[in-house]
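Comments concern the structure below.
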Amino acid sequence: MTEALRIAMWSGPRNISTAMMRAWENRGDCAVADEPLYAHYLAETGADHPGRDEVIADGETDWRKVTAALTGPIPDGRAIWYQKHMTHHLLRSIDRAWIHRLSNAFLIRDPDEVVSSYLRTRSTVTPEDIGLPQERQLFDALADRAGAAPLVIDTDEFLHAPEAHLRAICAHFGIEFTDRMLCWPPGPRDSDGIWAPHWYAAVWKSTGFEVPLAKTIRLDGDAQRVSDACRGDYEHLRRYRLRVESAAA
């Protein structure tokens, strides 16, 4: 790697996005940004999220300033900048030109699992809340422009073979893998968003990636309809997922 690397990892909520941010921050040569467009999203949409007023007061609500920073110097003179983004934060009013200056990748998770997890902390859910339609739209736009598919990581397959996936991800971006990405100290980080107390309890207890327990998910009514509406987007993205030898088929 001969120049600064800025990785934009796009996903919806209730994924492994925060754990993945931990892995990259633990490298030692990587700065991280935790959902930098969240304050703008809340200010523009009026969405009623936990800690909404705190997030807006603490963050930058002008997307132009946010994106200028994300494409500017990497904090602390680090060689790598891992940027954790939620696709539903990328509102249609935000110009997309800055995204093409980043190395983009996508995290995806089965919509049944996302909806089930989301409804443990929220009373309602829509397809746009879980971000899969926006992920597909952004993925297709980037693929069309580049003439090649961006990197896609399927959460379930990743968790069954984290080291193999991380090695392949690092190779994709032209950097060396370090086993420091596989484990980290428990607890909060200064880099966590101010919303962390509302969402990061499991990550604060974690010290690494864990294989998910097998479980049966049953969705009813609107929840199932939301998952079904996102199924095509998930399957479309999944066709381009990173495949490693030791991952599940």
Scanning the range 60-85 for residues that are surrounded by fewer than 22 Cβ atoms within 10 Å (Cβ to Cβ) and in contact with a His (Cβ under 8 Å, 6 or more places away or on another chain), which turns out nearest to H172 (Cα to Cα)?
-> V66
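Residue-by-condition table, conditions (1) more than 12 Å from A33 (Cβ to Cβ); (2) free of Cβ contacts under 8 Å to residues at least 40 places away in the same chain:
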{"site": "D62", "(1), (2)": "yes, yes"}
{"site": "T67", "(1), (2)": "no, yes"}
{"site": "L70", "(1), (2)": "no, no"}
{"site": "I99", "(1), (2)": "yes, no"}
{"site": "L102", "(1), (2)": "no, no"}
{"site": "A105", "(1), (2)": "yes, no"}
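Wholly within the range 146-216, which helices (runs of 4 or more DSSP H) include no fewer than the required count, namely at least 3 residues that are within 21 Å of L102 (Cα to Cα)?
Numbers: elements: 155-160, 162-173, 196-199, 201-205.
Ranges flagged: 162-173.
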So, in the range 217-226, of the ones that are touching a helix residue (DSSP H, G or I) at 6+ places or on another chain (Cβ under 7 Å) and assigned to a loop (DSSP other than H, G, I, E, B), which residue ends up nearest to V32 (Cα to Cα)?
-> I217
Scanning the range 6-29 for residues that are out of contact with any Leu (no Cβ under 9 Å at 6 or more places or on another chain) and not in a helix (DSSP H, G or I), the one modelled with the lowest pLDDT turns out to be R14
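Could you please let me know if F173 is closer than 24 Å to H85 by Cβ and buried (at least 16 other Cβ atoms within 10 Å of the Cβ)?
On the way: closer than 24 Å to H85 by Cβ: yes; buried (at least 16 other Cβ atoms within 10 Å of the Cβ): no.
It is false that F173 is closer than 24 Å to H85 by Cβ and buried (at least 16 other Cβ atoms within 10 Å of the Cβ).
Which count do you get for residues in the range 189-219 that are of a type in the set (S, T, Y), in contact (Cβ under 8 Å) with a residue 40 or more places away in the chain and farther than 17 Å from F158 by Cα?
Just the residues of the range 189-219 that are of a type in the set (S, T, Y), to begin with: 191, 200, 206-207, 216.
Still in the running and in contact (Cβ under 8 Å) with a residue 40 or more places away in the chain: 191, 200, 206.
Narrowing the set further to residues that are farther than 17 Å from F158 by Cα leaves 191, 200.
Summing the residues that are of a type in the set (S, T, Y), in contact (Cβ under 8 Å) with a residue 40 or more places away in the chain and farther than 17 Å from F158 by Cα in the range 189-219 gives 2.
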All but one of (1) without any contact (Cβ under 8 Å) to a residue 60 or more places away in the chain; (2) surrounded by fewer than 21 Cβ atoms within 10 Å (Cβ to Cβ) hold for A4, so report the exception by its number.
-> (1)
With criteria (1) over 20 Å from the mean Cα position of the chain (by Cα); (2) of a type outside the set (G, A, S); (3) surrounded by 15 or more Cβ atoms within 10 Å (Cβ to Cβ), T216 comes up short on (3)
Could you list, in sequence order, the residues of the range 107-125 that are exposed (fewer than 15 other Cβ atoms within 10 Å of the Cβ) and either touching a residue at least 24 places away in the same chain (Cβ under 8 Å) or of a type in the set (S, T, N, Q) (or both)?
-> T121, S123, T124
Within the range 124-170, how many residues are closer than 27 Å to F209 by Cα, of a type in the set (G, A, S) and at pLDDT 95 or above?
-> 4
Kindly provide the set of residues from the range 90-132 that are among the hydrophobic types (A, V, I, L, M, F, W, C), farther than 24 Å from E235 by Cβ and out of contact with any Phe, Trp or Tyr (no Cβ under 8 Å at 6 or more places or on another chain), ordered by number.
-> A97, W98, L102
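Please enumerate the residues belonging to the range 227-249 that are among the aromatic types (F, W, Y) and not in a helix (DSSP H, G or I).
If we filter the range 227-249 for residues that are among the aromatic types (F, W, Y), which is where we start, we get 234, 240.
Y240, the sole residue that qualifies.
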A47: of a type in the set (A, V, I, L, M) and part of a loop (DSSP other than H, G, I, E, B), yes or no?
-> yes
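I'd like the full set of residues that are of a type in the set (D, E) and over 19 Å from A149 (Cα atoms), limited to the range 202-249. Please lay out each step first, then the result.
Our first condition is that a residue be of a type in the set (D, E); within the range 202-249, this holds for 210, 220, 222, 228, 233, 235, 245.
Residues satisfying the conditions are E210, D220, D222, D228, E245.
The values are calculated or read from the model by the stated rules, or taken from the named source; none is laboratory data. The structure presented is a predicted model; accordingly, all values stated were derived computationally and were not measured. Positions of Cβ are generated from backbone atoms using ideal geometry, with glycine treated the same way; all protein chains shown enter the neighbour counts.
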